[in-house]
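Written below as structure tokens is the structure these notes are about.
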Amino acid sequence: MPNRESTYVIAPMPQRAGLTRSVTGMDHEGNTQDINVVEERPLTIFLNSREIVTAMTIGDYPDYLALGFLRNQAMLSDADEVTGIDYDEEISTVVIRTAIETDHEEKLAKKTRTSGCAVGTVFGDMLEELEGLTLPAARIKTSDLYALAATINTTPSLYLDAGAIHGTVLCQGAQPLVYMEDVGRHNAVDKVAGWMRAEGISAADKTLYTTGRLTSEMVMKCAIMGIPALVSRSGFTAWGVELAQQVGLTLIGRMRGQRFICLAGEERLIWDADPGTVKQEPRKSARKSAT
């Protein structure tokens, strides 16, 4: 069973065996130090008999990662009946099985993704998913944004313990629900998407909080999941902003302490909190940067 903080359905598990290892090095003053570094390992995803991709991941929740990846890449639709998810830890493979062969299995030859953020994405299929899509016009309270940031940024996590990792949190109002981490921000989002599909969770009243940049890929994934708001501690890309405006996604970035900026969907914000009552973050946050 996953470690569960009182406010979460699924919380990070920074002490789980196999997610980090201790490495000895030397600091800038010549002193020996032992630090935790994140493990990464390959996971190969199959859709029925077709090998789709090999992703580098930390190895937790492989079933959610595989299911969410296929859904977010538009290779698995909501109408496709999933009849089985088979994970073989020994050979690091997940097979997603459907009742009827999908029309996406012939679209991809074998492709390997690395843990870097500039990864191969099937943009054509994802963009097709956005055609004609308009997200629910959900209102968002600024008080909820501040409450979420305060809870998430102090939750024990691999991000705080070892760095070099991204976190993505599915939220409802001021309540964080599911907090996933991985070496790539795309993987963390896909795990959330996989959990939502497996559990039949509605997206219309949810917010997605991420530590990663608000790129076109992140916006597309969030929109395909049906989530009407995307929030980040980090910044934006121009195409990410354009896509958010196109589909009616509320896009909020650079959220630190009292400050944030909304570049899409600002008319859906409810300004019910006084920023002056929110604690400022120090210029150099105690939170480790994800790289």
If the reach is capped at under 15 angstrom between alpha carbons, list the aspartates and glutamates near residue 206, excluding any in the same chain fewer than eight residues apart. 144
The chain - accessible surface per residue (Å², probe 1.4 Å): 46 Å²
Arranged from highest to lowest average of other beta-carbon atoms within 10 Å per residue, in what order do the peptides 25-31, 216-222, 186-192 appear? 186-192, 216-222, 25-31
Considering the values [x] 56, 53, 35; [y] 54, 45, 39; [z] 104, 69, 30, which represents Cα extents along the principal axes in Å as calculated for the structure under consideration? [x]
At a Förster distance of 30 Å, what's the computed FRET efficiency of residue 125 paired with residue 16, Cβ-Cβ distance as r, to 0.05? 0.35
Ordered by number, the chymotrypsin sites (Phe, Trp or Tyr not before Pro) in the stretch 190-278 that occupy a DSSP loop and have at most 13 other Cβ atoms within 10 Å are 271
Set of aspartates and glutamates with alpha-carbon distance to residue 141 below 13 Å, sequence-local pairs under 8 removed: 205, 266, 267, 272, 274
Taking R0 as 22 Å and r as the Cβ-Cβ distance between residue 34 and residue 154, the FRET efficiency 1/(1 + (r/R0)^6), rounded to the nearest 0.05, comes to 0.35
Once you have the Cα-Cα distance between residue 92 and residue 271, take 0.36 nm times their residue separation minus that, and quote the gain in nm to one decimal. 59.7 nm
Taking the simple approach of a point 7 Å from Cα along Cα-to-Cβ for both residue 198 and residue 245, what is their distance in nm? 3.8 nm
Output row, site residue 254, 7 Å Cα→C-beta label point, backbone N cut-off 15 Å, window the stretch 198-222, residues 213-214
With unit charges on the beta carbons (Lys and Arg positive, Asp and Glu negative) and the dipole taken about the Cα centre of the chain, which residue among 145, 57, 195 sits farthest to the positive side? 145
Ranked by GNM mean-square fluctuation in the chain (Cα springs under 10 Å), the top entry among 156, 176, 62 is 156
Could you tell me whether the stretch 166-291 comes out rounded, prolate or oblate from its Cα gyration tensor? Rule is a ≥ b ≥ c as square roots of the eigenvalues, rounded for a/c under 1.5, then prolate if a/b exceeds b/c, otherwise oblate. rounded
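The values are calculated or read from the model by the stated rules, or taken from the named source; none is laboratory data. Since this is a predicted model, take the numbers as computed values, not measurements. Cβ coordinates were reconstructed from backbone atoms using ideal geometry, including for glycine residues, and neighbour counts include every protein chain displayed. The area values use the complete protein model at the heavy-atom level, side chains included, leaving out ligands, DNA and RNA. Shrake-Rupley method; radii C 1.70, N 1.55, O 1.52, S 1.80 Å.
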